[in-house]
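Heads up: the structure comes next, in structure tokens.
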Amino acid sequence: MNDDLLIVKGASMKLILAAIMVFCCFLNSHAQYAVSLIPPELLEGANAVYRKNDKRVVINGPGNYGERYERVVTILNENGKGPDVLVLHYDMHSRVNFIGGEIYDARGNLVRRIRRRDLDDTSNFQSFSLYEDNRVMYFTPRISEYPYTVRYEYETLYNRGMFYANRFFPQGGYNRAVQQAKLVVEYPASMELMYRMANTDSQPTVVDHGRNRRQLTYATENVPALTREFRAPNFVDVAPGMLFSTDQFEFDGYKGNNNSWSEFGQWIWQLNQGRNNLPPGRVAFLQQLVKDLETDREKVKAIYEFLQANTRYVNIALGIGGFQPFDAATVDRTGYGDCKALTNFMMAMLQAVGIPSLYTLVYAGPGEYNTVKEDFPVSQFNHVILCVPLAGDTVWLECTSSDAPFGHLGDFTDDRTVLMITEEGGLLARTPGYAREDNLFLTLANISLDNQGHGSASIRMEVGGVYFSDRSFLVRFSPDNQQKWLLENLRLPNYTLNRYAIENLLDNNPRTRIEMDVQLRSLASVSGQRLTVPLNVLSTMRSTPPRIRNRKQPFEVKFPTTRIDTLVIEIPAGFVPENLMTAFELETEFGVYSSKVDLLDQKIIYIRRFETYGGMFAAEKYADYFSFYQTIVRADNQSLVFRRE
């Protein structure tokens with residue numbers, strides 16, 4: 001009996017030990033996500049930390065591949081939110097399989113599991129879309145107590161080729177650190193995997209993987225956060241990572257390759273073939289439209305204005321239609337299309353009057369000047385514009401806008417690498433940028449003061465270049481919204497808007513002109529027998545850029561500008577100047593500033609000129625940049641004192 005008892009006790013002990021081991025394993029599997037286990041150096045400057053950021057890509061052939069992700073991210077504070085939101089896009093050429101996920105608290109304890117039924121699944125239909133098969137599954141953690149950790153695992157399978165530049169930047173954005181990350185790409189030995197390393201000396205390993213397959217592996221760990229600083233460059237311009245793609249691809253039976261820009265351009269040309277035919281009636285109309293115009297430029301302008309008046313932009317994102325334009329006859333009949341279709345339609349209309357043009361791929365967006373890497377011949381584009389080479393001139397056309405001035409690109413597509421599509425293939429080019437004298441902001445103000453410091457002013461502002469892009473839309477606003485914009489953006493203190501007029505001047509150098517009459521309260525201050533008059537009341541720089549000691553990142557001024565302010569201030573009779581201001585000039589590698597004052601009878605004539613230079617500057621120059629603006633703030637805030645005779 002004792003032996004039996006010992007056997008039972010022994011068995012019970014084994015069960016208890018086994019249970020303890022299982023429990024310990026359970027605890028350990030979750031405790032690995034405790035925030036206390038994050039190396040302290042990764043917390044510095046971080047709002048979020050990727051504990052694990054793994055991506056595995058399996059390429060089965062030119063027309064089929066899959067991507068599997070496991071991401072574990074700790075959100076340290078409210079500013080770190082974003083990477084914890086799961087967003088999975090899919091369409092008729094892809095499907096998503098959500099494997100699972102969890103949420104953990106700061107100690108690594110499981111808060112809840114995330115299952116497929118917890119994800120919302122909805123159309124990714126845009127308000128400006130007509131045909132779109134994009135859908136999205138998403139999940140947003142509803143957690144308000146920081147820090148917490150989210151883990152997701154999922155895969156996306158594509159039945160099309162990798163014709164675009166796939167990205168792997170483990171940090172994913174500024175102020176995010178990485179504890180461990182790995183990219184694995186498995187592909188057939190009959191294909192080449194092209195890759196481009198970015199901002200790192202690390203290189204992936206490539207090995208034979210058996211059965212005529214190869215495998216690329218790129219791994220990194222303990223990557224500290226890149227702190228977002230004032231005027232920081234685009235994240236991908238400074239962050240470590242890589243671009244990759246395959247040399248061959250296929251989409252809906254259209255085969256292509258990425259061996260060169262020329263060959264990729266041939267694939268785009270192939271997609272567009274046979275889609276530029278117009279009905280005979282439209283051809284006759286266009287020929288009649290331009291028959292009395294003397295130059296090709298005039299003809300292009302007339303047809304562009306016809307395009308703007310008779311078509312509208314809608315998004316097309318249905319299968320290959322997301323990359324292939326509607327044929328020109330369809331756009332002519334329906335009056336709508338996306339950037340591809342409208343550009344192709346414009347190209348077809350020019351062809352009808354004997355003017356050749358080039359369908360051109362671009363990465364659009366304000367400030368996206370260096371997004372396309374010319375040494376990596378894989379699609380990095382998101383938009384299409386039209387290039388019209390003319391004798392002694394080249395005209396660039398944005399075909400999706402109903403009101404863009406002829407030949408004006410604005411900061412949406414200016415000054416960046418593009419791919420022009422020809423029958424022989426793709427050709428790299430660069431859209432024109434706006435020079436300092438193009439990005440012009442002119443102000444003329446006539447101000448009359450009374451002896452109480454109140455006054456009235458007539459102001460005219462005229463802006464061009466990128467400034468035009470930022471203000472041309474005002475003509476489309478309602479009067480109430482125009483007034484609201486002026487009241488919020490005019491820097492005059494204590495004023496009432498009496499009258500205003502806004503117009504766009506659409507010549508070869510498009511400008512927006514704003515004219516206003518305003519009443520001013522307490523513009524000048526009165527103290528006893530003295531009247532103190534601020535000189536710069538329209539463009540006063542009241543604060544400097546943020547002071548950043550020990551800056552880590554370079555800083556970028558996206559484009560050069562010129563601002564010239566001329567103020568004529570009439571002083572009430574009976575006052576004479578008590579102090580004078582000498583002319584001031586400052587020139588640095590960041591720009592030029594000058595101001596001067598003349599007194600003519602009872603009038604102050606103040607002229608301020610401020611030019612900024614664009615470019616990328618080393619981090620160690622930021623102190624000089626700060627000092628430059630510090631000096632301008634002092635110069636801008638000067639006043640003249642008058643006393644009563």
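Which whole-number percent is the relative contact order of the chain (Cα, under 8 Å, 6+ apart)? It comes to 10 percent, rounded to a whole number. Checking every one of the trypsin sites (Lys or Arg not before Pro) in region 175-211 against DSSP loop status and a limit of 10 other Cβ atoms within 10 Å picks out R211. Cross-link partners for K484 among the aspartates and glutamates, with Cα-Cα distance under 20 Å and sequence neighbours closer than 8 places in the same chain left out: E462, D470, E503, E515, D517.
Within straight-line reach of K373, meaning a Cα separation under 19 Å, sit the following lysines at least 8 residues removed in sequence or on another chain: K558.
State the volume of the convex hull built on the alpha-carbon positions of region 444-495, expressed per residue in Å³ and rounded to an integer.
91 Å³
Taking the 1.4 Å solvent-accessible surface of the chain as the whole, the part contributed by carbon and sulfur is 48%. In this simple spin-label approximation, R609 and Q638 carry label points 7 Å from Cα along the Cα→Cβ vector, and these lie 1.6 nm apart.
Ignoring solvent entirely, what values of log10 I(q)/I(0) come out of the Debye formula for the chain at 0.11 Å⁻¹ when each Cα is a single scatterer? Listed by q, the Debye log ratios stand at -1.26.
Over region 183-228, the hull volume per residue, using the convex hull of the C-alpha atoms, is 87 Å³. With a Förster radius of 25 Å applied to the beta-carbon distance between D450 and S539, the computed FRET efficiency rounds to 0.55.
Over region 289-445, the reciprocal of the mean inverse Cα-Cα separation, the Kirkwood hydrodynamic radius, stands at 16.5 Å. Across all C-alpha atoms in region 198-354, the radius of gyration and Dmax reach 23.2, 70 Å. Please report the spacing between the Cα centers of region 153-168 and region 508-536 in Å, no decimals. A separation of 57 Å, based on Cα centres.
Over the Cα atoms of region 45-98, the radius of gyration divided by the Kirkwood radius equals 1.09; this is the Rg/Rh ratio. Accessible surface area normalised per residue over region 282-375 is 41 Å², counting heavy atoms of protein chains with a 1.4 Å rolling probe. Taken per residue, the accessible surface of region 59-208 reaches 47 Å², heavy atoms only and a 1.4 Å probe.
The values are calculated or read from the model by the stated rules, or taken from the named source; none is laboratory data. Here the structure is a predicted model, which is why all the values come from computation and not from measurement. Because the Cβ atoms are built from the backbone with ideal geometry, glycine has one as well, and the counts that use them run over all protein chains shown. Only protein heavy atoms, including side chains, enter the accessible area calculation; ligands, DNA and RNA are left aside. Shrake-Rupley method; radii C 1.70, N 1.55, O 1.52, S 1.80 Å.
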